[in-house]
Amino acid sequence: MIYELRVYVCAPGRIGALHNRFRTITNRKFAEHGIKVIGYWTDKFGESNRLTYIVRYEDLADRERKWNAFLGDEEWNKARAASEAPENGGPIVANVINTIMVPTDYSELK
């Protein structure tokens, strides 16, 4: 197993739009493409405009296959474009930070 840590830093005032997009389409599209999210987090202290989540994959090839299918999904791309249209407030995510993590031999998650 490998895990991907993803942090979405939102444009000012757009965290609500990001939560809405995850609730209404992103989670469903992830499930359709076999993307398994371990959990989602927001910051209790510190940054107030970030969403952090962790995704589990079998290996890098599994990640590439699933992520590419998700990014090429027509319904997802239309929903993303609509959610970021100027009349809906414009871009939601200002920056994405991600890293691929491999469990240690003493990790509970393998």
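The values are calculated or read from the model by the stated rules, or taken from the named source; none is laboratory data. The structure displayed is predicted, hence computed values, not measured ones. Don't worry about glycine lacking a Cβ; one is built from the backbone with ideal geometry, like all the others, and counts go over all protein chains shown. Heavy atoms of the whole protein, side chains included, go into the accessibility calculation; ligands, DNA and RNA do not. Shrake-Rupley method; radii C 1.70, N 1.55, O 1.52, S 1.80 Å.
Across the range 53-65, coupling constants 3J(HN,Hα) worked out from phi with the 6.51/-1.76/1.60 Karplus curve, θ = phi - 60°, read 8, 10, 10, 10, 10, 5, 6, 5, 5, 4, 4, 4, 4 Hz, and Gly and Pro carry x.
Comparing His33, Trp67, Ala17 along the charge dipole axis of the chain, the residue lying farthest to the positive side is Ala17, per the Cβ-charge model. For Lys29, the lysines whose Cα falls under 23 Å of its own Cα, not counting residues fewer than eight places away in the same chain, are Lys66, Lys78. The helix-based estimate of mean residue ellipticity at 222 nm for the chain, built from -39,500 (n - 2.57) per DSSP H run of four or more residues and divided by its residue count, is -9000 deg cm²/dmol to the nearest 500.
Only protein atoms count toward the accessible area here, which uses a 1.4 Å probe; on the range 1-102, the carbon and sulfur part of that area reaches 53 percent.
When +1 charges are put on Lys and Arg Cβ atoms and -1 charges on Asp and Glu Cβ atoms, the dipole computed for the chain relative to its Cα centre reaches about 280 debye. Site-free segments of the chain were taken between chymotrypsin sites (Phe, Trp or Tyr not before Pro) in DSSP loops having at most 14 other Cβ atoms within 10 Å, sites themselves excluded; the longest one is 46-105. Using only Cα positions of the chain, each an equal point scatterer, no hydration layer, compute I(q)/I(0) via Debye at q = 0.15 Å⁻¹ and quote the log10 values to two decimals. Rounded to two decimals, the profile gives -0.70. The GluC sites (Glu not before Pro) of the range 27-110 that DSSP puts in a loop, and whose beta carbon has at most 15 other beta carbons within 10 Å, are Glu47, Glu58, Glu108. Accessible surface calculations at 1.4 Å, restricted to protein heavy atoms, place the chain at 61 Å² per residue.
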